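Here the structure is laid out as structure tokens; the discussion comes afterwards.
The values are calculated or read from the model by the stated rules, or taken from the named source; none is laboratory data. Just so it is clear, the model here is predicted, and its values are computed rather than measured. No Cβ is skipped: glycine too gets one built from the backbone with ideal geometry, and neighbour counts run over all protein chains shown.
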Amino acid sequence: MQRRIFCATAALAASLCLSTGAYAQTKWDMATAYPAFNFHSKNIEQFVQDVDTATKGSLKITPHYGASLFKMPEIKRAVQTGNVQMGEFFLVSFQNEAQMFGLDGLPFLVKNYDEAFKLYQAQKPFLEKLLDKQGQVLLYAVAWPPQSIYSNKTIQSAADLKGLKWRVYSPTTARIGELVGAQPATIQEAELSQALATGVIEGLITSSATGADNKLFENLKHFYKVQAWIPKNAITVNKKAFNALTKEQQAAVREAAAAAEKRGWEASREVDARSLKTLADGGMSVEEPSAQLMSDLGKVGDTVVKEWLEKAGTDGQAVLKAFNDSK
Ligand code: PCA
């Protein structure tokens, strides 16, 4: 009798253990630098929900928007060291670490989203390898809308950019600023509005989306649709954190990431169209660039790409060849 009770108790304990095991929850924090209403952030929100559903609540990811956990330049390292499990960062800002990170910030390599996606496919194996060495797994990457020029004054040629206080976010934008004789200043997107309001900057190159998100028309009156490049945000996870998941959870994360990537690229196109309208409605003059400006920028672009290739070595040549072959 006593023995039976003991067995029953042990069985109950075992089943309790099993059920607690099954409900064990993994919690991840995710650092992002952009406001919750930005299209990348909304995409992340959906990704987090998809992961929650697919893992039956066993993996909970909490996004922290608006650089509230880490500033954008710190996010990549925070993921690498495990200070945060997941993060989103702007790839081209990290070009000094590895030239490959700056590929999608090179002027006039791509003409549109389709080409930008092809460039990404050529770049992806390199990105995965680099990030793996830095202790993280690339989950997905999504393009910002094409990058165009905002200014407080009329810009008809590169000469008009001379002396302009020029906001930069990457080695390439800094180099372009230098080549046209502007005054480059590194400002994070989270500090953009303040920098404009206080006159720290007078012009920049960024997307229609960032212009609309930050109501750039309140301080700048001109937008020139030069569409110089289509750069991406990368979403990565700390490798140890990823490897600690069950195989099922890993598959769920991968699947949600693939869906987020697809959704994000589609959203980017829609957001571009919508944001251009927001800029115009806000009183900004949204213009096609002059032929002179495009030809001047084309020359600057050639220099920048040539310099990049010199630094990027054989990987740089290989990635451009892969891209050109895929076009
Ligand atoms: N907005 C971000 C990155 C690229 C973009 O369109 C920024 O300006 O910082």
Among the residues listed as 174, 212, the single one being within 16 Å of the ligand (Cβ to nearest atom) and surrounded by 22 or more Cβ atoms within 10 Å (Cβ to Cβ)
212
Just need a number here: residues in the range 238-280 that are surrounded by 21 or more Cβ atoms within 10 Å (Cβ to Cβ) and in contact with a Gly (Cβ under 8 Å, 6 or more places away or on another chain).
2
I need the full set of residues from the range 176-233 which are touching a residue at least 60 places away in the same chain (Cβ under 8 Å), farther than 21 Å from residue 292 by Cα and in a loop (DSSP other than H, G, I, E, B), in order please.
188, 215, 219, 220, 230, 231
List the number of the failed condition for residue 139; all other conditions in (1) out of contact with any Asp or Glu (no Cβ under 9 Å at 6 or more places or on another chain); (2) of a type outside the set (Lys, Arg); (3) crowded, with 19+ Cβ neighbours inside 10 Å; (4) more than 27 Å from residue 283 (Cβ to Cβ) hold.
(1)
Across (1) crowded, with 22+ Cβ neighbours inside 10 Å; (2) more than 10 Å from the ligand (Cβ to nearest atom); (3) not charged (D, E, K, R), residue 219 clears everything bar (1)
Can you name the residue in the range 222-245 that is farther than 22 Å from residue 88 by Cα and out of contact with any helix residue (DSSP H, G or I) (no Cβ under 9 Å at 6 or more places or on another chain) and, of all such residues, is farthest from the ligand (Cβ to nearest atom)?
222
Looking only at the range 51-97, count how many residues are part of a loop (DSSP other than H, G, I, E, B), in contact with a helix residue (DSSP H, G or I) (Cβ under 7 Å, 6 or more places away or on another chain) and of a type in the set (A, V, I, L, M).
2
Can you tell me which residues in the range 114-136 are touching a Ser or Thr at 6+ places or on another chain (Cβ under 8 Å) and either surrounded by 19 or more Cβ atoms within 10 Å (Cβ to Cβ) or in a helix (DSSP H, G or I) (or both)?
118, 121, 122, 131, 136
For residue 283, only one of the following conditions fails: (1) closer than 26 Å to residue 178 by Cβ; (2) touching an Asp or Glu at 6+ places or on another chain (Cβ under 9 Å). What is its number?
(1)
Looking at the structure I just gave you, is residue 111 away from the ligand (no atom under 16 Å from the Cβ), charged (D, E, K, R), under 24 Å from residue 82 (Cβ atoms) and at pLDDT 95 or above?
no
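I'd like to check something: does the range 131-138 contain any residue that is at pLDDT 95 or above, more than 17 Å from the chain's Cα centre (by Cα), under 30 Å from residue 82 (Cβ atoms) and among the acidic types (Asp, Glu)? Show your work before the answer.
Kept after step one, since they are at pLDDT 95 or above, are these residues of the range 131-138: 131-138.
If we keep only those that are more than 17 Å from the chain's Cα centre (by Cα) too, we end up with 132-135.
Of the ones still in play, those that are also under 30 Å from residue 82 (Cβ atoms) are 132-135.
Right, trim to among the acidic types (Asp, Glu) and you get 132.
Checked against the condition, which is being at pLDDT 95 or above, more than 17 Å from the chain's Cα centre (by Cα), under 30 Å from residue 82 (Cβ atoms) and among the acidic types (Asp, Glu), the range 131-138 yields at least one hit.
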